[in-house]
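J.: Here's a structure for you.
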Amino acid sequence: MSDQDTVQTQPSLTTTEIMTIILGCEQTLRFVQASPNYQQIEASEKFSTSNDLRLGDAV
């Protein structure tokens, strides 16, 4: 199977479907960010990121 065959068989998403997925991801990230368990993890001295970004930076 060639790359061209793969591209032709992939489903196509509408703009509305893409926006719905993105909004769902944003809501999920906000839910996780508000979680006391996540806040405890992020506040830990062992928590670090490679670029100093936090979950809140993504939403």
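The values are calculated or read from the model by the stated rules, or taken from the named source; none is laboratory data. None of these values were measured; they are calculated from a predicted model. As a convention, Cβ positions derive from the backbone with ideal geometry for all residues, glycine included, and neighbour counts pool all protein chains shown.
Residue-wise test of (1) out of contact with any helix residue (DSSP H, G or I) (no Cβ under 6 Å at 6 or more places or on another chain); (2) over 14 Å from V59 (Cβ atoms).
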position: Q10; (1), (2): yes, yes
position: T14; (1), (2): yes, yes
position: M19; (1), (2): yes, yes
position: I22; (1), (2): yes, no
position: C25; (1), (2): yes, no
position: V32; (1), (2): no, no
position: S35; (1), (2): yes, no
position: A43; (1), (2): yes, yes
position: K46; (1), (2): yes, yes
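J.: Hey, which of the helices (runs of 4 or more DSSP H) in region 7-59, taking only ones fully inside, have at least 2 residues that are among the small types (G, A, S) and free of Cβ contacts under 8 Å to residues at least 40 places away in the same chain?
T.: Numbers: elements: 15-34, 36-43, 55-58.
The helices (runs of 4 or more DSSP H) meeting that bar are 15-34, 55-58.
Yes or no, residue by residue, for (1) loosely packed, with under 10 Cβ neighbours inside 10 Å; (2) among the acidic types (D, E); (3) at pLDDT 90 or above:
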{"site": "Q8", "(1), (2), (3)": "yes, no, no"}
{"site": "I18", "(1), (2), (3)": "no, no, yes"}
{"site": "T28", "(1), (2), (3)": "no, no, yes"}
{"site": "N37", "(1), (2), (3)": "yes, no, yes"}
{"site": "D52", "(1), (2), (3)": "yes, yes, no"}
{"site": "V59", "(1), (2), (3)": "no, no, no"}
